[in-house]
There are 2 protein chains.
Amino acid sequence: MEEKKVAARIARGCRGIAAGELMAREAMIAKISAIYRLYGFEPLMTPSMEYVDALGKNLPEQSTPMAGIFALKDDDDEWIALRYDMTAPLARYVAQNRQNLPAIFRRYAIGPVWRMEKPGPGRFREFYQCDFDTVGSASPAADAEVCTILATAFSALGLENDFLISVSNRKILSGILETIGIKEDDGSGRHLTILRAIDKLDRLGLSGVRLLLGPGRKDESGDFTAGAHLDESQIEQICSFLSAGAESRQEVCANLEKLVEGSAIGLEGVAELRQMDALLESAGLSSRVVRFDPAIVRGLAYYTGIVYEATLTFEITDEKGEKRQFGAVAGGGRYDGLLSRFTKERVPATGASIGIDRLLSALIAKGVAKNEPPAGPVLVTVMDKEALPEYQKMVAELRSSGIRSELYLGTSGFRAQMKYADKRRSPAIIVAGSDEFAAGTVSIKDMYLGTELAKGISSREEWREQPAQVTVARSDMAAEIKKILQRYEI
Amino acid sequence: MEEKKVAARIARGCRGIAAGELMAREAMIAKISAIYRLYGFEPLMTPSMEYVDALGKNLPEQSTPMAGIFALKDDDDEWIALRYDMTAPLARYVAQNRQNLPAIFRRYAIGPVWRMEKPGPGRFREFYQCDFDTVGSASPAADAEVCTILATAFSALGLENDFLISVSNRKILSGILETIGIKEDDGSGRHLTILRAIDKLDRLGLSGVRLLLGPGRKDESGDFTAGAHLDESQIEQICSFLSAGAESRQEVCANLEKLVEGSAIGLEGVAELRQMDALLESAGLSSRVVRFDPAIVRGLAYYTGIVYEATLTFEITDEKGEKRQFGAVAGGGRYDGLLSRFTKERVPATGASIGIDRLLSALIAKGVAKNEPPAGPVLVTVMDKEALPEYQKMVAELRSSGIRSELYLGTSGFRAQMKYADKRRSPAIIVAGSDEFAAGTVSIKDMYLGTELAKGISSREEWREQPAQVTVARSDMAAEIKKILQRYEI
């Protein structure tokens, strides 16, 4: 009776990460978290899941409740969901533990977040973020520091001249909307529709954004996105806002000031940008590194003030074979209202999130990190099954000398063991049979040196003739192996 | 209009982990994974979620489908679930990628797993495991190595004389069942009911297990667990099996051999244990460290042969104030059938899993790891808001000297800043106002030394008189701070 087999499929939009990438990733994360720590942040790990009401609905592109998140009912019949970012759980944590935390709480967090979105090249449903946030400070110095930290992190990773941090202030957009007669909290969701239209400027260009601000837009696949139904003069005003950018930060501030004349919130936003400018200057961050860009709004609903987006400026060839700039790898902003979902107290907060997966692929594309299968362990081959305890002793001795090694645990002969060592990327193998046992020696083969020659060799006798092989006293085994490992800097 | 507030609650059975514990945990994980690597294992990260059919139903205590797992339907209308262990996803991964993997695949994996079980003290719905597995080897040497790795890991963590690894073989239980006329694959699930009854020996004692093997058992809360409905002589035979333990591994083998006389599978199980015994001897693992214990069966359904359970043997005082041994911190076994759910090829595999959360609490209970809030950053206080750029420069200078530090980003006066530094556990603070700026100096306070005296001090003038304070040239600031950090080994 044949059993029906289960298909070995990975869940949609998910991926596995193998040793080479994991190790590059770990090294990158270690560098980033060292910088977060240097700046006074401490680590915190909140659970992967939260009650849905605690998470709130802040995802971009999602209008219906529960859309975009992985949610289920627990055994208490309550809705829980995997976190879609690290900020919403932080807000819940701070609201729940505020009395035990310092008045200003600086935490970093590294971990996966989950979004049930359409997967695509480089777009996964489980991806990793590396966040830092300062909760409890309304000072623009906290916002300026976000830029410093991002700049320091990118430089430490070898991207000194390859990034640009774009800064804007949502208050200015609110000011613009005020001047064209759109109220933020009129319950229509129109404010968010406009925000998300602007957030697509990069992808759709000004003409696409115009459609989304007006009647709506049909994409190539025929899907229709409803528009904000603004009239022509309103759209014009928003487009002037989007085009208010300039090389100099002060010039951007001057342009924006004119546009929000008469709006208190808008002018407040410009004043905050001016403060940022002064702080960035004194922190040594010129407009070559941190620019002001009105078109930056960020998709998440919870931002209330300064927002940031960090892009990498070098060119890559994308999946369609076209050259383009690498794009955004980090983003964030000030979210002074997020805590007040839970508490009466208004707790200001600001922070940013680095996308681990995207940043790592940037480092690899740039050649400052490598995604290569790592060197394997030294392999102690088995020539004589009766001598297993002897081989066990060899591998135990190598390991106590700190040499990464393994005993061959299969049933195949010498040739298959050589192949196995190759596939494992073992730098060296140990060979010992009755001759070596009698003579008190072992044979050691440098596998990297011998790889070319070894191809096509099928017997142990032939292999003995190879130049990459030495026979040494059993007592010199570990020392000899160490020489080989040093040769390859393993 | 008062907005309704959301309750800031953590999801049931979940917990947050703060800096002190996270850092102890990271150090522990680093030691464990260094040992896994030394033994030739390489890291692999599979996604948190898998298709439910790929995971299979292997959880102990769960009879109904989906019970015990966090499952939901994705947007393709397929059931996906958070993994309940790291072994089922490994089986899926190997089945899917076998052609690209070495014939023997040794991987380790560290990450969360999720089970929707009743939470309790130390029992969470999201917990971390640190697994290593050897896929593709049927050799008992792979099983013996599991014991060596666990012993090496516990010793490296400072638990040299505090652990015991118990080993058994499911084949022997199958042999026992064969001798009493119970077939493994008769579709009744009786075999699993018996397995799980035995797995509760620790908690329920022999009398409780007898009830579960017979008519069933009502617990203190009145919940009834159905029994396996064995007759008296069958139960007797299983109890003899459970009592076949002895100090010497060879004696256990002799006892078991008598009990499974006439059962091929049972005798095969005993023969494998004898091989293990020889390999453990030659690896230097005496029965004081690795014992054979027939009562070890492990709850997970997928084990087919040798099973392991590592317990810590020192006493702790539990949540009820009673002294008891710490208990199990790792477990595993051979699961030669798990891959054949996916593939025609039968791929043998063995491995074990260390429970990160439980092991860390053991290290803390034993005093070999500490869960203490770490030292905070040096705080640059703000005496004069107009001088913010000056303070910014100070903190920038400290950071470029590698000193973990932060600028005070709140709005409060000196006293609140001192309190804040205390709460942050800052080892030192920097104080500079117009006097210091004029003189080209800064004042530095050693906060740990000054903590006692500082209580009750309310003005900056009084504070100047404290002995823990020095005033140094501005250019000596970083060097002076380094002295304080060295004093406290930060």
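Using alpha carbons only, what's the Rg to Rh ratio of the stretch A:1-156 with Rh from Kirkwood?
On the way: Rg = 18.6 Å, Rh = 18.0 Å.
Value, to two decimals: 1.03.
Radius of gyration over Kirkwood radius for the stretch B:10-97, both on Cα atoms: the Rg/Rh ratio is 1.04. For B:ASP77, the solvent-accessible surface with a 1.4 Å probe is about 100 Å², rounded to the nearest 10.
Here is the interface size for B with A: some 8000 Å² of accessible area buried, both sides summed, with a 1.4 Å probe. Across the stretch A:323-365, the convex hull enclosing all Cα atoms gives 79 Å³ per residue. So for the stretch A:107-153, what percent of the C-alpha to C-alpha distances run longer than 14 Å? That tail contains 63 percent of the Cα-Cα pairs. With a/c under 1.5 counting as rounded, go ahead and sort the stretch B:177-257 into rounded, prolate or oblate using the C-alpha gyration tensor (a ≥ b ≥ c being the square roots of the eigenvalues; past the cut-off, prolate if a/b is larger than b/c, else oblate). It is oblate, given that a/c is not under 1.5 and a/b is not larger than b/c. When +1 charges are put on Lys and Arg Cβ atoms and -1 charges on Asp and Glu Cβ atoms, the dipole computed for chain B relative to its Cα centre reaches about 720 debye.
Rounding to the nearest 20 debye, state how big the charge dipole of the protein assembly as shown is about its Cα centre with +1 on each Lys and Arg Cβ and -1 on each Asp and Glu Cβ.
With Lys and Arg at +1 and Asp and Glu at -1, about 360 debye.
Rounded to the nearest angstrom and listed largest first, the equivalent-ellipsoid semi-axes of the stretch A:378-487 from its Cα gyration tensor are 18, 16, 14. To the nearest 10, the accessible area of B:ILE165 is 0 Å² with a 1.4 Å probe. The residue among A:SER137, B:SER168, B:MET383 whose Cα reaches farthest toward the positive pole of the charge dipole of the protein assembly as shown, with charges on the beta-carbon of Lys, Arg, Asp and Glu, is B:MET383.
Relative to the longest principal axis of the Cα atoms of chain B, the long axis of helix B:201-213 lies at roughly 30 degrees.
Here the translational diffusion coefficient of the protein assembly as shown follows from Stokes-Einstein with Rh set to the Kirkwood radius across Cα pairs; for 4 °C and 1.567 mPa s it amounts to 41 µm²/s. For GluC sites (Glu not before Pro), the sites in the stretch A:215-255 that DSSP calls loop and that have at most 13 other Cβ atoms within 10 Å are A:GLU220, A:GLU247. Taking a ≥ b ≥ c as the square roots of the eigenvalues of the Cα gyration tensor of the stretch A:217-350, is the shape rounded (a/c under 1.5), prolate (a/b larger than b/c) or oblate? Rounded, since a/c falls under 1.5.
Report the semi-axes of the equivalent ellipsoid for chain A in whole Å, largest first, where each axis is √(5λ) for an eigenvalue λ of the Cα gyration tensor.
Working: eigenvalues 632, 120, 104 Å².
Those come to 56, 24, 23 Å.
Rolling a 1.4 Å probe over the protein chains gives A:TRP79 an accessible area of about 110 Å².
Would you mind getting me the FRET efficiency between A:LYS419 and B:LYS183? Use the beta-carbon distance for r and R0 = 45 Å, nearest 0.05. Walk me through the numbers on the way to the answer.
Values: r = 41 Å, r/R0 = 0.92.
Rounded to the nearest 0.05, the efficiency is 0.60.
For the protein assembly as shown, with all protein chains present and a 1.4 Å probe, just round the carbon and sulfur fraction of the accessible area to a whole percent. Write out the running numbers ahead of the final one.
Working: 20390 of 41290 Å².
Summing carbon and sulfur atoms, their accessible area is 49 percent of the total for the protein assembly as shown.
Exposed loop sites were defined as trypsin sites (Lys or Arg not before Pro) in DSSP loop states (anything but H, G, I, E or B) carrying at most 11 other C-beta atoms within 10 Å; in chain B the longest segment without such a site runs B:5-287.
Over all pairs of different C-alpha atoms, the stretch A:362-433 has a mean inverse distance whose reciprocal, the Kirkwood radius, equals 13.4 Å. Charged neighbours of A:GLU397, selected by a Cβ distance under 14 Å, balance to +1 (K, R count +1; D, E count -1). Across q = 0.18 Å⁻¹, the stretch B:296-403 modelled as identical point scatterers on its alpha-carbon atoms has Debye log10 I(q)/I(0) values of -0.96, in the order of the q list. Of all lysines in the structure, those lying under 28 Å Cα to Cα from B:LYS5, and not within fewer than 8 positions of it along the same chain, are A:LYS57, A:LYS73, A:LYS171, A:LYS183, A:LYS344.
Loop-only GluC sites (Glu not before Pro) in the stretch B:323-392, please: DSSP not H, G, I, E or B, and at most 13 other Cβ atoms within 10 Å. Can you show the working numbers first?
Numbers: sites: B:GLU345, B:GLU386, B:GLU390; in loops: B:GLU345.
Passing sites in the stretch B:323-392 are B:GLU345.
Per-residue shielding of A:367-378, expressed as the average number of other chain Cβ atoms within 10 Å of the residue Cβ, stands at 1.
Look at the stretch B:94-105: the mean tally of other chain Cβ atoms within 10 Å of its residues' Cβ atoms is 4. Per-residue mean of foreign Cβ neighbours for A:35-42 is 6 (Cβ atoms of other chains, 10 Å radius). Relative to the longest principal Cα axis of chain B, at what angle does helix B:170-179 sit, 0 to 90 degrees, rounded to 10? The angle comes out near 30 degrees. Can you tell me the orientation of helix B:414-424 relative to chain B, as the angle in degrees between its alpha-carbon axis and the longest Cα principal axis, to the nearest 10? Once rounded, the angle reads 20 degrees. Only Cα pairs under 8 Å and 6+ residues apart enter the sum, and on that basis the relative contact order of the stretch B:19-366 stands at 21 percent.
Residues of the stretch A:384-399 whose accessible area (probe 1.4 Å, heavy atoms of protein chains only) drops by at least 10 Å² once all protein chains are present, relative to their chain alone: A:LEU388, A:PRO389, A:GLN392, A:LYS393, A:ARG399. Each semi-axis of the equivalent ellipsoid for the stretch A:202-295 is √(5λ) with λ an eigenvalue of the Cα gyration tensor; in descending order they amount to 31, 17, 9 Å. Note on A:GLU26/A:LYS118: beta-carbon distance plugged into 1/(1 + (r/R0)^6) with R0 of 22 Å gives a FRET efficiency of 0.15.
Local charge sum around A:ALA19 (other residues, Cβ-Cβ under 9 Å, Lys/Arg +1, Asp/Glu -1)? Don't jump to the answer; show the numbers that get you there.
Numbers: positive: B:ARG107; negative: A:GLU21, B:GLU42.
Spelling it out: positives minus negatives among the neighbours equals -1.
In the context of the full set of protein chains, the stretch A:378-487 has a per residue accessible area of 46 Å² (1.4 Å probe).
The values are calculated or read from the model by the stated rules, or taken from the named source; none is laboratory data. Keep in mind that what you see is a predicted model, and the values were worked out from it rather than measured. So basically every Cβ, Gly included, is an ideal-geometry build from the backbone, and we count neighbours across all protein chains shown. When the accessible area is computed, the model is the full protein with side chains, heavy atoms only, and any ligands, DNA or RNA have been set aside. Shrake-Rupley method; radii C 1.70, N 1.55, O 1.52, S 1.80 Å.
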